[in-house]
1. Sort largest first and round to whole Å: the equivalent ellipsoid semi-axes of the chain, each the square root of five times a Cα gyration tensor eigenvalue.
2. Using only the alpha-carbon atoms, how far is helix 10-19 inclined from the longest principal axis of the chain? Give it as 0 to 90 degrees, nearest 10.
3. Long-range amide H contacts for Ile5: which residues qualify at under 5 Å (H placed 1.01 Å from N, peptide plane, sequence gap of 5 or more or a different chain)?
4. How much area per residue is accessible in the chain when the probe is 1.4 Å and only protein heavy atoms are counted (Å²)?
5. Rounded to the nearest 10 Å², what accessible area does Tyr81 show when all protein chains are kept and the probe is 1.4 Å?
6. Given a 1.4 angstrom probe, I'd like the percentage of the accessible area of segment 63-190 that is carbon and sulfur, rounded to a whole number.
7. At a 1.4 Å probe, what is the % contribution of carbon and sulfur to the accessible area of segment 1-57?
8. For the chain, what is the calculated [θ] at 222 nm in deg cm²/dmol (nearest 500), taking -39500 (n - 2.57) for each run of four or more DSSP H residues and dividing by its residue count?
Amino acid sequence: MLLVIATQNSGKLKEFQHHLEGLPWTLDLMPQDLEIEETGQTFLENACIKASQVAKQLGQWAIADDSGLAVDALQGAPGVYSARYGTDDLDRIARLLRELGDTPKRTAQFVCAIALARPDGEIACHAEGVCAGEILYDSQGEGGFGYDPIFYVPAAHLTFAEMTKDQKRAISHRGKAIAALLPQLQSLAI
Ligand code: IMP
C-alpha cells in the first residue's frame, strides 16, 4: 500500500522508512507543488490538517507529523512556531536562549504528533510522543538539527546533538510517536 508523507524532507522519509520497515506500506514524498498550510493551534491539529489535505488532494493514504519544542518558562513557546522562530537554526537557538535569559527554570519538552489519513481525507489514527529535557545555557554537540545542541536529556546525560542517530531515535518525541502509532498502522495494513 502506498503511503505519502506530507513533507518534502527526505530526512523525514528515511526516518519513517526505518521505523516502518517490515510493514506492507511503501513510503513516498509528497509532490513538490502541493501547498499545505499549518494553521492549527496544536501539534496534533497541524498533523491532522497536513495528512488530511495531502490525502484528499492526491486520493492516497497520507501520513503527516508536526513537532516542536515547548519551553515551560516561555509558556510553551516556541511550540507550533518552532520552525518559524527565526531565519535559521542558529538564529532560532539564539532567540530562545535570549528569551530564557538566565532563569534557572529550564525544563522543556519536544513533542511530536503524527496522523494518518485515508484517501478521502478522514483521519484513520493518530499518536503523540513527548521527550522531556532541559535547555542548556550554551550549545553542546555537533550532530542533529534544529534545537538539538541546546536540548539536554538528563536521563541520557547528553544533548540530542551528542547522541547517535539510534540513541536519539530510541528516546525522541518522534521515535515515541511512531512507536505509539505502529500497532494501529499494522492493523490497518492487514
Ligand atoms: P516540523 O515538525 O517539520 O514542522 O518541525 C518543527 C520544527 O521543530 C523544526 O524545524 C525544528 O526547528 C524543531 N524540531 C522538531 N523536531 C526536532 C528535533 O528532533 N530536534 C531539533 N529540533 C526539532
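The values are calculated or read from the model by the stated rules, or taken from the named source; none is laboratory data. Because the structure is predicted, anything quoted here is derived from the model rather than measured. Backbone-built Cβ (ideal geometry, glycine too); neighbour counts: all protein chains shown. Ligands, DNA and RNA are excluded from the accessible area calculation, which covers all protein heavy atoms including side chains. Shrake-Rupley method; radii C 1.70, N 1.55, O 1.52, S 1.80 Å.
1. Details: eigenvalues 178, 63, 38 Å².
Three semi-axes, in Å: 30, 18, 14.
2. 70 degrees
3. Counting only residues 5 or more places away or on other chains, the set is Asp28, Leu29, Met30, Ile63.
4. Working: 9410 Å² over 190 residues.
Result: 50 Å² per residue.
5. Counting only protein heavy atoms, Tyr81 exposes about 120 Å² to solvent.
6. Details: 3280 of 6050 Å².
After summing per-atom areas, the C and S share lands at 54 percent.
7. Numbers: 1430 of 3150 Å².
About 46 percent, which is the carbon plus sulfur part of the accessible surface.
8. Values: 5 runs with 62 residues, N = 190.
Calculated from helices alone, the mean residue ellipticity at 222 nm is -10000 deg cm²/dmol.
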